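**Q** Got a structure here, written out as structure tokens. Questions coming.
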Amino acid sequence: MKLFRSRAEKELDGIIAELKQFLANNYKDQAHAMREKLHTRALELHDAGKLKDEVFAAYEKQYEAFTEQMKNYNHREFYHS
């Protein structure tokens, strides 16, 4: 973990913290929305030149990990199991 993070990295870290909180509280819709927000915002910041390529790749890797973790993570799974 870097000691000094850019404003863009802090913003994405905040999104990840919220996403983890929603996952911990089993808020499925909000968790999916935050996962998409992480991906969208990381792309926007990278395209604007506010995220370096290697930092962007690290956040994309986290997005992919959340995507895999949340596979089949929906209300249907909970109510129809």
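**Q** Out of the residues in the range 38-75 meeting the condition of being basic (Lys, Arg) and surrounded by 15 or more Cβ atoms within 10 Å (Cβ to Cβ), tell me which one is nearest to residue 16 (Cα to Cα).
**A** Looking at residues that are basic (Lys, Arg) and surrounded by 15 or more Cβ atoms within 10 Å (Cβ to Cβ), I get 41.
**Q** So which residues in the range 18-37 are out of contact with any helix residue (DSSP H, G or I) (no Cβ under 6 Å at 6 or more places or on another chain), among the aliphatic types (A, V, I, L, M) and surrounded by 11 or more Cβ atoms within 10 Å (Cβ to Cβ), if there are any at all?
**A** Listed by number, the list holds a single entry, 33.
Every read-out reported here was derived from the displayed coordinates using simple, explicitly stated rules and does not represent laboratory data. None of the values given here were measured: they were computed from a predicted structure. Glycine also receives a Cβ, built like all others from the backbone with ideal geometry; neighbour counts cover every protein chain displayed.
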